[in-house]
1. Please work out if V125 is aliphatic (A, V, I, L, M), modelled with pLDDT of 95 or more and in the same structural domain as T259 (by TED's automatic domain parsing).
2. Does V201 fit the bill of being over 30 Å from L45 (Cβ atoms), among the β-branched types (V, I, T) and assigned by TED's automatic domain parsing to the domain that holds V165?
3. Give all pairs with beta carbons closer than 9 Å in which a residue from segment 1-19 that is farther than 13 Å from R285 by Cα meets a residue that is modelled with pLDDT under 90 and assigned to a helix (DSSP H, G or I); count only pairs at least 6 apart in sequence or on separate chains.
4. Just a yes or no: is a residue in segment 80-90 part of a loop (DSSP other than H, G, I, E, B), touching a residue at least 40 places away in the same chain (Cβ under 8 Å), at positive phi and in contact with a Leu (Cβ under 8 Å, 6 or more places away or on another chain)?
5. Check A17, A36, A22 and return the single one that is touching a Leu at 6+ places or on another chain (Cβ under 8 Å), more than 20 Å from P196 (Cβ to Cβ) and not in a loop (DSSP other than H, G, I, E, B).
6. Is there a residue in segment 38-50 that is within 20 Å of G247 (Cβ to Cβ), in contact with a Gly (Cβ under 6 Å, 6 or more places away or on another chain) and at pLDDT 95 or above?
7. If a residue has to be charged (D, E, K, R), surrounded by 15 or more Cβ atoms within 10 Å (Cβ to Cβ) and more than 28 Å from N79 (Cα to Cα) to count, how many in segment 193-223 make the cut?
8. Give segment 251-300 a look and list any residue that's hydroxyl-bearing (S, T, Y) and either under 19 Å from the mean Cα position of the chain (by Cα) or modelled with pLDDT of 95 or more (or both), or say none.
Amino acid sequence: MNSNLDDGGARLAEQVAAATGANLRQRLLHARGGWAAGEFIPDPLAAQLSTATVFATPRTPVTARFSSTLGDLDGHDGNPGDHGLATRVGGLDLIMFTLPVFFVRNGPDMIAFLRATNSDDPAAVPQFLRDHPEAATALGLAEQSSPITSFTGVTYHSVHAFGLVDATGSTRWARLSWRPLRPLPALDPVSAQAMPRDYLVADLSNRLPARFELTAHLPDRTDEVHDPTQLWQGKETVPLGTLTLTGSESPSAEPDFDTLRLPEGITAPQDQLSEDRSRIYDAARGYRTGRLEIPSPAIR
């Protein structure tokens, strides 16, 4: 293992690569994607929920990356699965998905999920579901999903609950979402497969400017607040601000997106998955940039 990195994170990243066949020198799970830039303007209600600077600053520059979550660089954007949107808004990183919940609750279970879904054994996924019944909700939603028309026309969700801390020190837990101000209808699978394999990335610049509302989804008293695999029954939402993406420009230096990069005024999620994702992203970035040495032999 690498002595200059958390061993657990490095091992998880290596196991992701082994399970999916990904190259550790490339992105492990978000290989296909496109960059955008813009700004965030907070809603007046946001400052009442959280003292975070991003909600008190009139305008904050934003760097964003849309991605197709699963599949390598040669995959097709119309394949089944979910999509992602990672944004850096000042001191806040938000890494969201089109699915509102996740498949598992921690990193090791994510490795088991990837091994099952990438296995040639038709019994692998059913066996995984028997061992991990909490994955049924996300898998069911993924199977029901349709190919999207554009990265800019769908909602992206945080699967974790973040603590919004107000001026009195009170904390309200919320799941955050980017909701498009101009949602777009889905494509049928046949039409999507007839499109170029990278149609979402290729068309991104034509879809800009695009605007999203950041919303806080609040739980009700019966919701499992810190379980990322469970849908919430609570319906209350609060607007936090508007994201406007104006150009599909790549940043001069790629942001080191981190699920736990949060400003004062926003408390980190309390589930294990958020911590494990942070460790995997850090290790994967180290391998991808050459900062870390590829292990030999690879861990399987």
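The values are calculated or read from the model by the stated rules, or taken from the named source; none is laboratory data. Quick caveat: nothing in here was measured; it's all calculated off a predicted structure. Because the Cβ atoms are built from the backbone with ideal geometry, glycine has one as well, and the counts that use them run over all protein chains shown.
1. For V125, the condition - aliphatic (A, V, I, L, M), modelled with pLDDT of 95 or more and in the same structural domain as T259 (by TED's automatic domain parsing) - is not met.
2. Taking the combined requirement at face value, the residue satisfies it.
3. Partner pairs satisfying both residue conditions: M1/D7.
4. Looking for residues that are part of a loop (DSSP other than H, G, I, E, B), touching a residue at least 40 places away in the same chain (Cβ under 8 Å), at positive phi and in contact with a Leu (Cβ under 8 Å, 6 or more places away or on another chain), one finds at least one in segment 80-90, hence yes.
5. Only one candidate qualifies: A17.
6. yes
7. 1
8. T259, T267, S274, S278, Y281
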